[in-house]
Structure formats: C-alpha cells, structure tokens
Amino acid sequence: MLAEPDIAPSDAVPLTEAQMRAAVAARDAGLDGRFVYAVRSTGIYCRPGCPSRAARPDNLSFHAGPAEAQAAGFRPCRRCRPDEPAPAERQAEQITRACRLIEAADTPPTLEALARAAGLSPFHFHRIFKAVTGVTPRAYAQAHRAARAADSLAQGRTVTESVYAAGYSAPSRFYAGAAERLGMRPSAYRRGGAGERLSFAVGPCALGLVLVAATERGICAILLGDEEEALRRDLAARFPRAEIVAGAADFAATVAAVVRLVAEPGAAFALPLDVGGTAFQQRVWEALRRIPAGATASYAEIARAIGEPAAVRAVAMACGANRLAVAIPCHRVVRSDGALSGYRWGTARKSELLARERAGKA
C-alpha cells in the first residue's frame, strides 16, 4: 500500500496581505478556503477565485473565513457562495462516495451508474473523477479488482479462485497485464514473491545515512535516515515479499554513486532506476525530474505540467509515494506560497538539498 505523503497542511503558514491581494487579482481558486475577501463598497465577501468583476484594491479587506467576514458586517456573495463548502470539497465527497461504490460492487459499475449516483452527467463525472484521483473510473475499478485478486493470492488461494473471487469474468482478463500490476507472474506472487531479489547496502552520506537497494533492472530505493535498523525496516515494509540480501562487493560502486548524488544533488545521475509505480505516479515523477536543479515548483504547477490542473492532491500523493530520494527530486516541490512543505526524510534534509543545488549553480 502506498504511504501517505508527508506534507504539511496547506494553511500551516498564514498568507501575507500581498499574497492574498495577488490571489484575488489572479482569481486563484486554488486558495479557496484559505481566506475570504470583502468589498467595502458593496458589503459582500467572496472566495479568492470568485469570477465577479474586480473591485478597486483600496476597497478590499481580508478575513480568515466566512464567520470573521460576517462578524465584520459583510454578507456572502451569491455567485461564489463562500459560506458553503467549496466546490473542491463537494467534488471530493462525491468522488469518495463513487470510490466506495466501486469497491463494494462485485462487478465494476458502469460510468452512467456512477454518474447518476453522484447526480452528474457522465462527461462531467468522468472529468471530475480523474481530476480528483488522477485516474479514470475504469482504471480505478481495474486497480481495485487487481488488488482484490492480489490479496486473495497472498492468502494462498489458487490463481483461478482468486480471479473469480475478485470479479473477473474469465482468467484471461486477469492475466492480461498481470505481471505489470503485480511486479511478477501471478504464480510467483502467490508463492510470496519468489524470484524477486533485492540487493541493498547502507552507508554514510552528507545527510546522515543512505540505504540503496536495487533489482536486476536498476536502483529501486534510495532511503535517507539516521538509524540503520530503521532504514532496513523501511525497505522491508516497502518490499514485503521480496528476497532482500546484502549487496555483493561490486555493489559498493552503486552506493558510492548515490552518496555522490546526495552530496551534489544537482549533478547528473546515469545509473538505471527501477521506478515502478502507477502510470500517474510515473508522470508526476518524470515531471519532478524535469525541474532544474536549485529550482522549485508547487504541487499545483506539477499538476498543470502533466495536464491535470485539478489533481493537486493526487500529485501530492505521488510525491509522497516516491522511494527514490534525490534521484527523483521531490525535494524540489514546495507549497504554493513558496514555503517548504514536509518531506518524508525531514524538512532539514530538504532545505540542505536545495541549498547544495543552489550553491552548485552559483
């Protein structure tokens, strides 16, 4: 199961008045819920993303939320309805309910049935579902069904029993792409991952300790920490069914290359990576690798870069699932206000990595 992203809440750092004015001028709906603004000449307060005609800057005042604005004597805008749940919150609730319907069904519900349950048109529902989750309803249903089959295999049931129990109409539908979903053949998965072998080693680096693990395809994990045993446990939790062995003597060169990367995070890194992950995660991780060394981007900017501007939360989840520290530079992602968000391996390490990159560019 993917780990939750280690990110701080988006409202952990209060916005400055200049940032709020800029958000109102840009009609930045991404900051809806962070504050409201009021217009003294009309007595109305709005969300930052309200599409109403722009007011004069000297007529604006800013408030933490609807209660504060109403206490100051302002009434809610009838257009953006700032006193009601934000559209993003309503959409998240609708999509959460749809996900539960998919998970509870013996066979995947049709798009029309899901849309009808959400009170939306199929086209609108499909667009919102992908924006919130990062995948289509069909892809979500396929992933959930595959996960049910995988759980059944892990419990020792035969492939045929697991396939039908998960809701597949025929074994052939499960076998199509099964190796990619499970990371190995179904029969090997049932045997607890027989045949998947990871070599690993732990060594000192500029940021404490680094654990490097690799399959025959390439490096599959770069983990940072302060205690060797904790790093070993982390690796075992990420690959619970793999055979994990100490790297041979020639593995030292791979570890040395990673140690150099940590010391000089802006340097080129030519060793092959065994990235894994879902198709959406891989798109996010590829976007991260395109951020220049020393530069940063927000989750919203990454979402726009991959063509999914509303999938900010899904982007954050993909960043949190990254297991290749520095090689896939999730340390270059910051909050929309420019402040450092959390980092799985500690914000101090994140700050140090960025500082090293910027020093190398100077």
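No value in this document is a laboratory result; all are computed from the given coordinates. Just so we're clear, the structure is a prediction, and the values are computed from it rather than from any experiment. Because the Cβ atoms are built from the backbone with ideal geometry, glycine has one as well, and the counts that use them run over all protein chains shown.
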Debye equation applied to the C-alpha atoms of region 240-344, log10 I(q)/I(0) at 0.16, 0.22, 0.24 Å⁻¹: -0.76, -1.21, -1.36
Summed side-chain charge close to residue 301 - residues other than residue 301 whose Cβ falls under 15 Å, Lys, Arg +1, Asp, Glu -1: +3
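Would you mind counting up the charge near residue 22? Only other residues with Cβ under 13 Å from its Cβ, with Lys and Arg at +1 and Asp and Glu at -1.
0
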Summed residue charge, Cβ within 13 Å of residue 37's Cβ, Lys/Arg positive, Asp/Glu negative: +1
Considering only region 192-311, percent of DSSP beta bridges that pair antiparallel, nearest 5: 75 percent
Residue order, fewest to most beta carbons within 10 Å, for 351, 341, 199: 351, 199, 341
